[in-house]
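Scroll down for the structure; my scribbles are underneath it.
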Amino acid sequence: MSAEIRPQPGVMEIALYEGGQATVDGVSDVVKLSSNENPFGPSAAAIDAFRNAAQQLHRYPPTDHASLRCAIAEVHGLDPDRVICGVGSDEIIAFLCQAYAGEGDEVIHTEHGFAMYRISTLAAGATPVEVKERERVTDVEAILAACTDRTKLVFIANPNNPTGTMIGGNEVARLAAGLPPQTLLVLDGAYAEYVDGFDGGVGLVDARDNVVMTRTFSKLYGLGGLRIGWGYGPKPVIDVLNRIRGPFNLSCAQLDAAEAAMRDRDYAEKCRAENARLRAWLAESLAELGVPSDTSCANFILARFADADEAGACDAHLKSRGLIVRRVAGYNLPHCLRITIGDEAACRRVADAVAEFKGRAT
Ligand SMILES: *Cc1c(COP(=O)(O)O)cnc(C)c1O
């Protein structure tokens, strides 16, 4: 290949995203607890909507996503004109980087922040800036101190992945208020639904002109495989993002299934409550075995071990028992394992396997 044919600066610095493992060689009856998926799957109404969409596969989808945006707006009490839908919230994150950051610009993410912030920043040709957390919690002071006149975006996930921790509304508001004038704050609310009564940052988006929120159908709504996310922000920001959004970025199947999932409030609430119950049980069970975790506000716990060796050994043991969890060394947490909250049987299997690993078989 000609030496003159080169990708844009930054592109070759991107390390490929590694998805959660789904199989173990030689082990059947595996449970995948590595990608924070809803163990109960999507709402039956969403599956019906997806099936019905099969009859219309020859038709182009609508470009304005009006029906889904209205459903989202109704449920969350939002202005539908300030909602944008994308191919997972990953696409909204990519739009934000593409639209607001380029060569010479800086984009802040936290020490244990979601991998896509860095990937999308580099893809846009901008420079990712990693800011320390305080004991696995977003540090507002440190973020404000890291801002320069080149900072264009600040990404925080609240609750955060893979730590499961979150910061309070006052802290987030202090961050938004303290940013330089050219900086947009992105509140990634992928796990907001798991926090009872939490608006994900809607109040702050409405109160200010420098805050955007991203949300997803991949976690609580159990539609990770279908790829649907959305964002909510000030009208001028949403208008900018819509200019770079492909007109047909979402298929009818995606739009219809997401709308049905959003409107099935009973199912969403059932999944949220069951996650909260099992999360408390699993965290407590592991803590009793000498494996602590921070109080999680999401659908996983970050189990801490003595060191990377012990985490690796426990991971291998869990695998031998058909339990696939996530190593998070790539998130600067080599001594931890991120364990998605499965159904009750899966949680019991995890607790039993960790007990076995710790030499205290139940
Ligand atoms: C899972 C996750 C998302 C969701 O990504 P999708 O593209 O919507 O599937 C976004 N942010 C964080 C922090 C996540 O963990």
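Derivation of every value follows stated rules applied to the coordinates shown; laboratory data play no part. Since the structure is predicted, the reported quantities are computational estimates derived from the model, not experimental observations. Backbone-built Cβ (ideal geometry, glycine too); neighbour counts: all protein chains shown.
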Dividing the helical contributions, -39500 (n - 2.57) per DSSP H run of n ≥ 4, by the residues of the chain yields a 222 nm value, nearest 500 deg cm²/dmol, of -12000 deg cm²/dmol
Once both label points are put 7 Å beyond Cα along the C-beta direction, the Ala273-His58 separation in nm becomes 4.6
Sorted by mean Cβ packing within 10 Å, highest first, what order do the peptides 202-211, 141-150 take? 202-211, 141-150
Hey, which aspartates and glutamates would be in cross-link range of Lys319, C-alpha to C-alpha under 12 Å, not counting anything within fewer than 8 residues on its own chain? Asp25, Asp29
If you project the alpha carbons of the range 45-263 onto the principal axes, what extent comes out on each, in Å, largest first? 54, 37, 28
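For the chain, what relative contact order do you get, as a whole percent, if you take Cα pairs closer than 8 Å and at least 6 residues apart?
Taking the mean separation of contacting Cα pairs over the length of the chain, I get 24 percent.
Within the range 77-149, list the trypsin sites (Lys or Arg not before Pro) lying in a DSSP loop whose Cβ has at most 16 other Cβ atoms in a 10 Å radius. Show your work: numbers first, answer last.
Numbers: sites: Arg82, Arg118, Lys132, Arg134, Arg136; in loops: Lys132, Arg136.
Counting only loop positions with at most 16 other Cβ atoms within 10 Å, the trypsin sites (Lys or Arg not before Pro) in the range 77-149 are Lys132.
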At 0.36 nm per residue, and after removing the present C-alpha to C-alpha distance, how many nm does the segment from Gln182 to Ser28 gain when stretched out fully? 50.2 nm
Using a simple spin-label model with points 7 Å from Cα along the Cα→Cβ vector, what separation in nm is obtained for Ala44 and Ser320? 4.2
Using Cα positions and a limit of under 28 Å, work out the lysines in reach of Lys132, with same-chain residues fewer than 8 apart set aside. Lys152, Lys219
The range 45-263: antiparallel DSSP beta bridges as a percent of all, rounded to 5: 35
Under 12 Å from the 7 Å Cα→Cβ point of Asp266, by amide nitrogen: which residues of the range 181-216? none
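Just check the range 292-358 against the gyration tensor rule for me: Cα atoms, a ≥ b ≥ c as the square roots of the eigenvalues, rounded for a/c under 1.5, and otherwise prolate or oblate depending on whether a/b exceeds b/c.
Values: a/c = 1.69, a/b = 1.13, b/c = 1.50.
Because a/c hits 1.5 or more and a/b fails to exceed b/c, the range 292-358 counts as oblate.
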